[in-house]
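Data first, discussion second: the structure below is written as structure tokens.
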Amino acid sequence: MPVITLTINDELVSARSGQSLLEAIRDHGIDLPTLCHLDGLSARGGCRLCLVEVAGSPRLLPACTTEAVEGMVVTTHNERIDRYRRMILELTFAERNHTCAVCVSNGHCELQALAAELGMDRVRYDYLNPDLGLDTSHRLFGVDHNRCLLCLRCVRVCDEVEGAHTWDVAGRGIASRVITDLNRPWGQSESCTECGKCVEVCPTGALFDKGASVGEMEKESRFLRRILDGREKRQWRR
Amino acid sequence: MTTDKRKIRLATAWLGGCSGCHMSFLDLDELLIELAGRVDLVYGPLVDAKQFPEEVDLTLVEGAVTNVDNLQLARIIRSNSRVVVGFGDCAVTGNVTSMRNRIPVRDLLTAVYRQARAPIGEEALKDLPALLQQALPLHQAIAVDVCLPGCPPSPERIAAVVTALLDGEPVALDAAMRTFG
Ligand code: SF4
Ligand code: SF4
Ligand code: SF4
Ligand code: FES
């Protein structure tokens, strides 16, 4: 595969042509915050946390959906980028109802951890306090729209890996909601195979095992790489 | 310790919270004794003062701003304190106190006081301070200098923040000490 050269944080770096900027940056050992991205799923560019500066572009670009190109000059961290990342997190918290203290994912949540890591000490926007529901009609799992950040990992893993495509999105913009089977209660879904992949990849407390109480929902999204390596590379390991 | 140095005037306040943050403060254990040597506790649920005093150096405020009394006290706190700390998640994010925000105040009062078979009924409403339409995080009511997250913040977090502020140093909690929840 042809090799390209680009500059990341003032350092000359080689990458494989066709790689995303995110892959090139991470291969180089630099940590970039992501939420909607998950290794093994298609790129979506939804959460905007992976924004980076690319010389010549007046706006910040999401690294996960930008292709690494020969000669690019990229900055992954500086005062401006950090500020934008914090604002994005604040907007995420303001848009739904996050009450970490009483959340199933308290202590194991990617959103909660990122907020602390990126120094979001408060939300400066008005909280929208939307009136959102909970669907616990499924035998095994529940979905709490209060905690959903529309990363669509559930939609992608169900479609791309499990092949069931139970999940979708209804509505637009602020009214968007993840739905199951053309908006029937999850418990009545005929396509759901009950595999639980969506629950495991969900970065927040939005999808959970029924019966999990505060802080009890621990997820393990690395299973995905494991099963994909088995499927694609015939490499089997635990 | 120099005796001529003026003691730091510390206040704590309890707005719309469960008092859990104050309980965690009491869990500072030995540090409380050290604190007693450095500060004058001039106001709060732990002391008897009725009025929020003037010229306070440092005030820890627990709880969200959920009613008109909270709002009035928050404003006095701001004008009389040099440094205001949002003490715990309710003050910082609204947290549990703000879970009522999606319910209209009238429906809330009906469910809790008019319809519930509780020992306290409708007669309480005339004595209660009026609820604001929304429970607000403290910084949406007054300017807040430092946020101390956690529900409640662990004694370690409280110690780190209070010690830094008393020493006049910048507050620098590491990521593991900055989480909500
Ligand atoms: S989903 Fe995460 S950020 Fe949201 S309330 Fe739960 S623990 Fe907090
Ligand atoms: S339910 Fe979870 S995985 Fe699905 S979009 Fe919401 S946050 Fe993402
Ligand atoms: S942050 Fe938690 S402990 Fe503190 S007042 Fe609120 S509910 Fe209580
Ligand atoms: S990880 Fe790139 S936009 Fe979400």
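Within segment A:193-218, how many residues turn out to be β-branched (Val, Ile, Thr) and either more than 14 Å from chain B (Cβ to nearest Cβ) or on the phi > 0 side of the Ramachandran plot (or both)? So that I can check it myself, show each step before the final result.
Step one: list which residues in segment A:193-218 are β-branched (Val, Ile, Thr), which gives A:193, A:199, A:201, A:204, A:214.
Next, from what is left, pick out any that are either more than 14 Å from chain B (Cβ to nearest Cβ) or on the phi > 0 side of the Ramachandran plot (or both): A:193, A:199, A:201.
Number of matching residues: 3.
Please state which one of A:67, A:53 is open to solvent by 20 Å² or more (accessible area, probe 1.4 Å), closer than 28 Å to residue A:172 by Cβ and away from chain B (no Cβ under 14 Å). Step through it out loud before you land on a result.
Values: A:53 fails: closer than 28 Å to residue A:172 by Cβ.
Matching residue, one of A:67, A:53: A:67.
Using the structure shown, decide if residue A:66 is among the β-branched types (Val, Ile, Thr) and not assigned by the TED database to the domain that holds residue A:112. Explain how you work it out, then say what you get.
On the way: among the β-branched types (Val, Ile, Thr): yes; not assigned by the TED database to the domain that holds residue A:112: yes.
Considered against the rule, which asks whether it is among the β-branched types (Val, Ile, Thr) and not assigned by the TED database to the domain that holds residue A:112, residue A:66 comes out as yes.
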Quick one: residue A:58 ticks every box in (1) in contact (Cβ under 8 Å) with a residue 24 or more places away in the chain; (2) over 13 Å from the mean Cα position of the chain (by Cα) except a single one, so which number is it?
-> (1)
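Based on what the data block shows, is residue A:187 at pLDDT 95 or above and of a type outside the set (A, V, I, L, M, F, W, C)? Walk me through it before giving the result.
Values: at pLDDT 95 or above: yes; of a type outside the set (A, V, I, L, M, F, W, C): yes.
Spelling it out, residue A:187 is indeed at pLDDT 95 or above and of a type outside the set (A, V, I, L, M, F, W, C).
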Looking only at segment A:14-30, decide whether some residue is away from ligand 4 (no atom under 16 Å from the Cβ) and either basic (Lys, Arg) or open to solvent by less than 30 Å² (accessible area, probe 1.4 Å) (or both).
-> yes
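Quick one: is residue A:18 more than 27 Å from residue A:230 (Cα to Cα), in a loop (DSSP other than H, G, I, E, B) and out of contact with any helix residue (DSSP H, G or I) (no Cβ under 6 Å at 6 or more places or on another chain)? Outline the logic, then answer.
Values: more than 27 Å from residue A:230 (Cα to Cα): no; in a loop (DSSP other than H, G, I, E, B): yes; out of contact with any helix residue (DSSP H, G or I) (no Cβ under 6 Å at 6 or more places or on another chain): yes.
Criteria not met by residue A:18.
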For segment B:126-138, the count of residues that are hydrophobic (A, V, I, L, M, F, W, C) and more than 12 Å from chain A (Cβ to nearest Cβ) equals 4
Given the residues A:45, A:71, which is the only one that is farther than 30 Å from residue A:226 by Cβ, among the small types (Gly, Ala, Ser) and touching a strand residue (DSSP E or B) at 6+ places or on another chain (Cβ under 7 Å)?
-> A:71
Within segment A:32-50, track down each residue that is open to solvent by less than 20 Å² (accessible area, probe 1.4 Å), more than 6 Å from ligand 4 (Cβ to nearest atom) and not aliphatic (A, V, I, L, M).
-> A:33
Leading residue by the ranking (most open to solvent (accessible area, probe 1.4 Å)) among those in segment A:104-135 that are closer than 13 Å to residue A:203 by Cα and part of a loop (DSSP other than H, G, I, E, B) | A:108
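What strands (runs of 3 or more DSSP E), lying completely within segment B:39-95, carry at least 2 residues that are open to solvent by 10 Å² or more (accessible area, probe 1.4 Å), more than 16 Å from ligand 2 (Cβ to nearest atom) and over 12 Å from residue B:10 (Cβ atoms)? First the steps, then the outcome.
Numbers: elements: B:39-43, B:56-62, B:65-67, B:81-87.
In segment B:39-95, the matching strands (runs of 3 or more DSSP E) lie at B:65-67.
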Tally of residues being modelled with pLDDT under 95 and part of a loop (DSSP other than H, G, I, E, B) across segment B:118-166 = 6
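Quick check: is even one residue across segment B:141-159 open to solvent by less than 70 Å² (accessible area, probe 1.4 Å), within 21 Å of residue B:12 (Cβ to Cβ), out of contact with any strand residue (DSSP E or B) (no Cβ under 9 Å at 6 or more places or on another chain) and aliphatic (A, V, I, L, M)? Give the derivation first.
Kept after step one, since they are open to solvent by less than 70 Å² (accessible area, probe 1.4 Å), are these residues of segment B:141-159: B:141-144, B:146-155, B:157-159.
Checking which are within 21 Å of residue B:12 (Cβ to Cβ) leaves us with B:141-144, B:146-155, B:157-159.
From what's left, out of contact with any strand residue (DSSP E or B) (no Cβ under 9 Å at 6 or more places or on another chain): B:150-151, B:154-155, B:159.
Within this subset, residues satisfying the condition of being aliphatic (A, V, I, L, M) are B:159.
Yes, some residue in segment B:141-159 is open to solvent by less than 70 Å² (accessible area, probe 1.4 Å), within 21 Å of residue B:12 (Cβ to Cβ), out of contact with any strand residue (DSSP E or B) (no Cβ under 9 Å at 6 or more places or on another chain) and aliphatic (A, V, I, L, M).
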Would you tally the residues in segment A:70-90 being more than 14 Å from every other protein chain (Cβ to nearest Cβ) and open to solvent by 60 Å² or more (accessible area, probe 1.4 Å)?
-> 7
Residues satisfying the stated conditions in segment B:139-178, i.e. among the aliphatic types (A, V, I, L, M), within 9 Å of chain A (Cβ to nearest Cβ), farther than 19 Å from residue B:24 by Cα and in contact (Cβ under 8 Å) with a residue 40 or more places away in the chain | B:144
Considering each residue of segment A:96-116, count those that are closer than 21 Å to residue A:32 by Cα and within 16 Å of the chain's Cα centre (by Cα), and give that number.
-> 8
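The values are calculated or read from the model by the stated rules, or taken from the named source; none is laboratory data. Computed from a prediction, not measured in an experiment: that's the story for all the values here. Note that each Cβ is placed from the backbone with ideal geometry, even for glycine, and that neighbours are counted across all protein chains shown. Keep in mind that these areas ignore ligands, DNA and RNA; they rest on the heavy atoms of the full protein, side chains included. Shrake-Rupley method; radii C 1.70, N 1.55, O 1.52, S 1.80 Å.
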